[in-house]
């Protein structure tokens, strides 16, 4: 699907969808609970549907009601076929760990893009805990022999994916013995691990960890049924908020300014770039402003690289974005995809290892290959609304995390057509 975007005047208010990351974490914790939990205000998207389908195949009952899901967990059985996790990295990695608790052998598979993303650090960490598991060439699929998790001590790097750490944390309380998780390199994207710990605490599970978050100790304990409320998604909110700074006035509600989500940093980034930002309760309003260049480390909020890059494209001066290494291991090589998209729109971008410099100027319209990456599609749509004559190829990929994206852009006044709509 192609989305064609014209130069538009933007104004209005929207309520942002619920957090994908928190929804999937809530589903996993509820599945590990003996009893029925409620997930309030969950996000319905490709990734969360992938999680529900896989959990359903191993005995977790999920009833989807209006604005809540009832999840009955704790009664796992062996799946009759592969556990296909689509393109959901969180589902694949979390379920790799959960599969150690399932009876029998399970094979976890993934879609084409996710099948090119590394999983070996998690596989090696599970082997240290006595699990029989394997992958080929550091990539999916993964085969796990379940039946229970012994516990003990395991080590893994903290700078490849925080999801590996989160996966181990969520299953650790179900191990037979105390588990210790040690990180051999500093933890990047620490806010996502804090989100995992926060979700576990909702379900009555506690974890001890060091000040530097390089060691975690988890005692055997039970998850307890609960009513788990999912907050709004700051990752999704970054797009309309950035749109306001670029091209009008946008108010976004359903946001917690005290959230642990890493992408809450969009507020400080916008402010540092000179945008007008007004916070009132659970709503944030951003008005068009003359933006200035920024120097910022993206390592803890790497998903916002495309959003910050398109802001920098119109800012006065040269912006410098660092800590980009893990952006190459996402749905696309986002460093290369961002550079390519900016250059197509007439913006100079230079890449050196994990660093990108962007010289702000006046972009032009262009055809952008989304690389089937939802964050590339959404970010470059923002510039399209500023300059017009822009086409986003593979525009349907936004359904991975933000199915309402194109409709919400229209509600804000963006002239966008998708397949004749």
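The values are calculated or read from the model by the stated rules, or taken from the named source; none is laboratory data. Keep in mind that this is a model prediction, so the values were computed, not measured. All Cβ positions, even for glycine, are placed from backbone atoms using ideal geometry, and neighbour counts span all protein chains on display.
Some values worked out for this structure:
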quantity	calculated
Subset of the stretch 199-220 (residues that are loosely packed, with under 15 Cβ neighbours inside 10 Å and out of contact with any helix residue (DSSP H, G or I) (no Cβ under 7 Å at 6 or more places or on another chain))	201, 206, 208, 210, 211, 212
Qualifying residue in the stretch 320-333 (condition: farther than 30 Å from residue 198 by Cα, part of a helix (DSSP H, G or I) and either assigned by TED's automatic domain parsing to the domain that holds residue 189 or in contact with a helix residue (DSSP H, G or I) (Cβ under 6 Å, 6 or more places away or on another chain) (or both))	no
Residue, farthest from the chain's Cα centre (by Cα), within the stretch 232-258, restricted to residues that are part of a loop (DSSP other than H, G, I, E, B) and buried (at least 19 other Cβ atoms within 10 Å of the Cβ)	255
Total residues in the stretch 23-76, condition in contact with a helix residue (DSSP H, G or I) (Cβ under 7 Å, 6 or more places away or on another chain) and farther than 18 Å from residue 170 by Cβ	3
Filter result for residue 377 (at pLDDT 95 or above, in contact with a helix residue (DSSP H, G or I) (Cβ under 6 Å, 6 or more places away or on another chain) and more than 19 Å from residue 302 (Cα to Cα))	no
Residue among 336, 369, 297 that alone is surrounded by fewer than 24 Cβ atoms within 10 Å (Cβ to Cβ), without any contact (Cβ under 8 Å) to a residue 24 or more places away in the chain and more than 18 Å from residue 242 (Cβ to Cβ)	336
Check on residue 196, within 24 Å of the chain's Cα centre (by Cα), over 22 Å from residue 71 (Cβ atoms) and touching a residue at least 12 places away in the same chain (Cβ under 8 Å)	no
Residues (touching a residue at least 24 places away in the same chain (Cβ under 8 Å) and either over 14 Å from residue 168 (Cβ atoms) or surrounded by fewer than 17 Cβ atoms within 10 Å (Cβ to Cβ) (or both)) located in the stretch 113-141	113, 114, 115, 117, 118, 128, 139, 140, 141
Qualifying residue in the stretch 6-21 (condition: surrounded by 22 or more Cβ atoms within 10 Å (Cβ to Cβ), part of a helix (DSSP H, G or I) and under 15 Å from the mean Cα position of the chain (by Cα))	yes
Scope the stretch 156-176; condition buried (at least 16 other Cβ atoms within 10 Å of the Cβ) and free of Cβ contacts under 8 Å to residues at least 60 places away in the same chain; matching residues	156, 157, 158, 162, 165, 169, 172, 175
Residue in the stretch 98-105 that is touching a helix residue (DSSP H, G or I) at 6+ places or on another chain (Cβ under 7 Å) and surrounded by fewer than 24 Cβ atoms within 10 Å (Cβ to Cβ) present	yes
